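Have a look at the structure below, then the notes.
The values are calculated or read from the model by the stated rules, or taken from the named source; none is laboratory data. Given the structure is predicted, the values throughout are model-derived calculations rather than measurements. Every residue, glycine as well, gets a Cβ built from its backbone with ideal geometry; the counts of neighbours run over all protein chains shown. To get the accessible areas, we keep the full protein, side chains included, count just its heavy atoms, and leave off ligands, DNA and RNA. Shrake-Rupley method; radii C 1.70, N 1.55, O 1.52, S 1.80 Å.
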Amino acid sequence: MPAVLGGDPFPGHEEIGGRYPDRDMIAREAVGNLRIAAGIFPDDPELRELVDELTQHSAEFRDHWARHTVRTKAHGVKLIDHPHLGFLRLTYEITHFPQDAELSLLVYTAAPGTPEEKALRALAET
């Protein structure tokens with residue numbers, strides 16, 4: 001989950017939180033997606049444990065979770081501060097597969113001729 005939810009959302013990887021300039025939007029979307037997962041898998045103990053842990057350790061997560069927002073977003077734009085490539089403005093699309101609720105495909109793209117396209121091509125060659 002690419003959520004940046006406050007406190008230590010990625011234990012052992014605190015630097016990840018700073019890579020999303022629009023942190024609040026990312027957190028809202030992530031919590032909305034987590035609510036969807038909780039509805040699809042209400043008896044999943046690991047999911048309950050994750051929600052309990054985030055609720056216990058993050059005031060920001062508690063605030064978003066208390067709003068009961070259930071949302072999925074199939075496309076949009078994300079701003080990412082990549083540690084080697086710098087700021088990237090990437091378009092994304094998420095495809096969900098109805099035959100398997102646990103499966104989705106996330107694709108990031110960049111407009112042709114942009115610095116982001118060059119950066120993604122350089123990354124692909126590494």
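Annotations
- Sole exception among (1) open to solvent by 80 Å² or more (accessible area, probe 1.4 Å); (2) among the polar types (S, T, N, Q); (3) in contact with a strand residue (DSSP E or B) (Cβ under 7 Å, 6 or more places away or on another chain) for THR72, by number: (3)
- Remark: pairs (first residue in the range 85-98, more than 12 Å from THR72 (Cβ to Cβ) and open to solvent by less than 20 Å² (accessible area, probe 1.4 Å); second residue assigned to a loop (DSSP other than H, G, I, E, B) and aliphatic (A, V, I, L, M); Cβ separation under 7 Å; 6+ apart in sequence or on different chains) = LEU90/ALA110.
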